[in-house]
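Worksheet for the structure shown next.
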Amino acid sequence: MSIKSVKEDAEYVGVAIPEEIYNYRMVFVALTAAFAAVIIGYDAGFIGGTVSLESFKEEFGLDKMSPSERTNINANVVSVFQAGAFWGCILFYPVGEILGRRIGLFISGFLLTFGAAISLASNKSVGLGPIYAGRVITGLGIGGCSCLAPIYISESSPALIRGKLVGLWEMSWQIGGVVGYWINYGVLQNIPNERKQWMIPFAIQLVPSGMFWIGSFFIPESPRFLVSRGKIELARKNLAFIRNLSEDHPYSQHEMQNIIRDVEEKKSKLEFNFDTEGESFKEPRLSRSSPLFISFFAPIIKVATSKKYLYRLLLSTSLFIMQNGFGINAITYYSPTVFKSFGINGSNAGLQSTGIFGILKAFASLFWIFFVVDAVGRRKALIYCAFPCSLCMWYIGAYIKISDPAKRIESGDTKLDAGGKAAQALLYIWTIFYGASWNGTPWVINSEIFSQEVRTFTQAVNASSNWFWAFVMGRWTGMAFQAIGYKLYFIFASCMIVFPIIIYFFYPETKGVPLEAIDYLFEVPAWRAREHALEKFEIEYGNVDNSSIVEEVDGVSDVVSRFNSQKIMEEEK
């Protein structure tokens with residue numbers, strides 16, 4: 001699923017890959033780091049349903065408020081989590097670069113657990129204050145995890161299975177979402193209408209949070225981070241532990257040499273003056289070669305002073321604007337409201353429908369991992385899946401406009417008519433097409449269009465962009481549903497017509513393009529960039545006197561040359 005580096009492939013030609021590197025320690029390390037995503041998925045699944053429970057409304061007096069006041073309170077409860085996550089991404093970038101990935105994840109785990117525990121102090125007399133505080137703190141922890149965990153897994157994983165292990169992050173996210181969507185239905189069916197009913201969904205957050213926090217005690221620091229800080233011996237020890245090999249094993253020594261070379265090259269790219277397409281920029285002399293400057297400040301300066309990287313950062317962050325234009329966070333966080341707008345009456349039916357939505361979303365995301373992102377490609381998935389999504393939203397908006405289910409329910413007709421059933425089915429179809437395309441593809445593109453020396457910084461920026469727009473939708477979607485109703489679905493449908501056009505003209509296909517050829521993608525219009533990049537790559541690198549593997553993909557030759565030339569830059573996958 002992740003982008004390939006020709007040089008990285010070349011590094012392992014002729015090297016015996018011992019079976020020991022595929023071991024329980026590596027799985028434990030990757031699963032522990034990815035487990036934070038369970039909390040993200042769980043929160044998205046449970047919070048909208050929990051605040052709609054009658055027991056929650058009665059506890060905090062929401063049942064006595066006007067609809068607009070209740071909507072405002074619900075929006076605050078939902079959105080403070082995303083606000084915390086936005087700031088967490090920003091704050092944990094320096095934590096991860098200065099203190100290390102492991103310490104950053106450990107602090108994040110503490111915030112997740114502490115925030116979940118604080119939320120449980122809320123009651124009728126205290127009010128919603130502890131829930132607000134707890135969700136902000138939990139959000140800070142989630143921001144840190146979403147910034148650091150994928151990087152930690154990538155840096156710690158064997159190159160040959162790195163994509164699969166990083167994919168555990170997405171799988172964990174979806175598992176958490178399914179649990180979150182169904183937990184409200186479970187408590188509604190089995191717990192009386194009392195404080196315990198709404199407390200259980202909040203309390204369950206402690207389980208994945210606590211497991212992640214405890215697990216972070218036992219995972220080793222990333223060997224690559226340790227090398228960047230000059231702690232070579234500790235890096236050897238940690239790498240040997242993760243690979244389940246001795247430090248003097250030939251494979252351990254070979255991989256360690258590659259890591260050291262990668263880190264040294266990153267340092268060479270960042271510690272000297274940058275030339276940003278003819279514009280020279282001088283770094284502060286005082287600490288420009290220090291590890292802190294190279295790892296923390298230099299990537300920021302390089303991106304900020306490079307037209308090339310600023311343009312790509314605009315493309316990557318814009319993908320999250322478009323993602324929310326599809327309505328995903330509106331539907332995710334307000335799914336009970338969405339199904340109620342179809343005329344689905346009663347808490348049981350609404351939460352059950354929400355649970356089915358969660359299962360389909362998880363299934364579609366797993367289908368995307370295994371059958372879409374690498375087989376179909378990024379551009380095709382984003383473009384072609386948008387149009388059926390748009391049709392679904394046009395119908396849903398038109399049905400609500402014409403049938404007015406809310407008015408029908410007020411008159412005493414609580415039966416879901418054929419049009420409402422069709423709207424429900426089309427939302428499920430929308431979920432499948434969205435989950436198999438737009439749900440995960442932006443993250444893949446963002447990891448591919450930036451080179452290794454700035455990728456940690458751009459990952460933090462992109463993660464913060466994701467959470468910022470999630471906050472916007474979480475905070476104001478409820479009000480939008482109340483103010484404009486069916487028109488919101490028309491807005492989403494219109495966005496799904498416009499965004500594929502933007503993708504076609506500005507976003508090149510990155511499927512199967514080696515790291516060394518990424519810059520070539522931006523030399524020509526996006527719709528012919530992939531062919532151009534592969535042709536230039538073949539001309540420049542394809543004639544090296546080593547074995548080459550040529551794979552035919554969609555009629556275009558993907559040349560994956562395996563060689564040991566010192567001319568080619570070594571990049572992290």
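The values are calculated or read from the model by the stated rules, or taken from the named source; none is laboratory data. As the structure is a computational prediction, the values presented were derived from the model and not from experiment. With ligands, DNA and RNA removed, areas are computed over all heavy atoms of the protein, side chains included. Shrake-Rupley method; radii C 1.70, N 1.55, O 1.52, S 1.80 Å.
With the cut-off at 1.5 for a/c, could you classify segment 157-223 from its C-alpha gyration tensor as rounded, prolate or oblate? Spell out each step's value before the answer.
Details: a/c = 6.51, a/b = 2.14, b/c = 3.04.
Taking the square roots of the gyration eigenvalues as a ≥ b ≥ c, segment 157-223 is oblate.
What whole-number value in cubic angstrom gives the convex hull volume per residue for the C-alpha atoms of segment 302-454?
Numbers: hull volume 19.0 nm³, N = 153.
Roughly 124 Å³ of hull volume per residue.
Would you please classify the overall shape of segment 356-401 from the alpha carbon gyration tensor, given that a ≥ b ≥ c denote the square roots of the eigenvalues, rounded means a/c under 1.5, and beyond that prolate means a/b larger than b/c while oblate covers the rest?
On the way: a/c = 5.55, a/b = 1.58, b/c = 3.50.
It is oblate, given that a/c is not under 1.5 and a/b is not larger than b/c.
Too long at a 27 Å Cα-Cα cut-off: which of K407/K487; K380/K421; K266/K536; K231/K269; K196/K401; K231/K308?
K380/K421; K196/K401; K231/K308
Averaging sequence separations of C-alpha pairs under 8 Å and six or more residues apart, then dividing by the length of the chain, give the relative contact order as a whole percent.
Computed value for the chain: 23 percent relative contact order.
Which angle from 0 to 90°, rounded to the nearest 10, does the C-alpha axis of helix 529-541 make with the longest principal axis of the chain?
20 degrees
Once both axes come from the Cα atoms, what is the angle between helix 418-435 and the longest principal axis of the chain, in degrees from 0 to 90, rounded to 10?
Approximately 20 degrees, to the nearest ten.
Per residue of segment 190-206, in order, report the coupling 6.51 cos²θ - 1.76 cosθ + 1.60 (Karplus, θ = phi - 60°) as ³J(HN,Hα) in whole Hz, putting x for Gly and Pro.
In residue order, the calculated couplings are 10, 10, x, 6, 8, 4, 4, 5, 7, 6, 4, x, 5, 5, 4, 4, 5 Hz.
Take the alpha carbon gyration tensor of segment 437-508, find the square roots of its eigenvalues, order them as a ≥ b ≥ c, and report rounded if a/c is under 1.5; if not, report prolate when a/b exceeds b/c, else oblate.
Oblate is the answer for segment 437-508, as a/c is 1.5 or above yet b/c matches or exceeds a/b.
Summing -39500 (n - 2.57) over the DSSP H runs of n ≥ 4 in the chain and dividing by its residue number, what mean residue ellipticity at 222 nm do you reach, to the nearest 500 deg cm²/dmol?
The helix-only estimate for the chain comes to -22500 deg cm²/dmol at 222 nm.
Under the definition of Cα pairs under 8 Å and six or more residues apart, what whole-number percent is the relative contact order of segment 88-178?
Numbers: 98 pairs, mean separation 28.8, N = 91.
Averaging sequence separation for qualifying contacts and normalising by length gives 32 percent for segment 88-178.
Given a 1.4 Å probe and the protein chains all in place, what does the accessible area of M473 round to, in Å² to the nearest 10?
30 Å²
Relative to the longest principal Cα axis of the chain, at what angle does helix 232-243 sit, 0 to 90 degrees, rounded to 10?
Taking the Cα atoms of the chain, the angle to 232-243 is about 60 degrees.
From the phi of every residue in segment 62-67, what ³J(HN,Hα) in whole Hz does the Karplus formula 6.51 cos²θ - 1.76 cosθ + 1.60 yield, where θ is phi - 60° and glycine or proline is x?
Running phi through 6.51 cos²θ - 1.76 cosθ + 1.60 with θ = phi - 60° gives 5, 5, 9, 8, 6, x Hz.
By accessible area of protein heavy atoms, probe 1.4 Å, what ranking do F450, F433 get, highest first?
In descending accessible area the options line up as F433, F450.
Run the 1.4 Å probe and let me know the accessible area of V78, rounded to the nearest 10 Å².
0 Å²
Roughly what percent of Cα-Cα pairs across the chain reach past 30 Å?
Numbers: 86753 of 163878 pairs.
I get 53 percent for the Cα pairs in the chain exceeding 30 Å.
Just how far, in whole angstrom, is segment 373-418 from segment 446-520 if you go by their alpha carbon centroids?
Taking the Cα centre of segment 373-418 as reference, the centre of segment 446-520 is 21 Å away.
Which distance in Å, rounded to a whole number, links the C-alpha centroids of segment 310-350 and segment 202-236?
Here the two parts' Cα centres lie 32 Å apart.
When only C-alpha pairs under 8 Å and at least 6 residues apart count, what is the relative contact order of segment 67-225, in percent?
Here the relative contact order equals 32 percent.
Could you derive backbone 3J(HN,Hα) for segment 487-501 from the dihedral phi with the Karplus parameters 6.51, -1.76 and 1.60 (θ = phi - 60°), listing whole Hz in sequence and x where the residue is Gly or Pro?
So the J values, rounded to whole Hz, are 4, 5, 5, 5, 4, 4, 4, 5, 4, 6, 8, 6, 5, x, 5.
If the chain between Q257 and N123 were fully stretched, how many nm would it gain, using 0.36 nm times the residue separation less the Cα-Cα distance?
The span from Q257 to N123 would gain 42.5 nm if fully extended.
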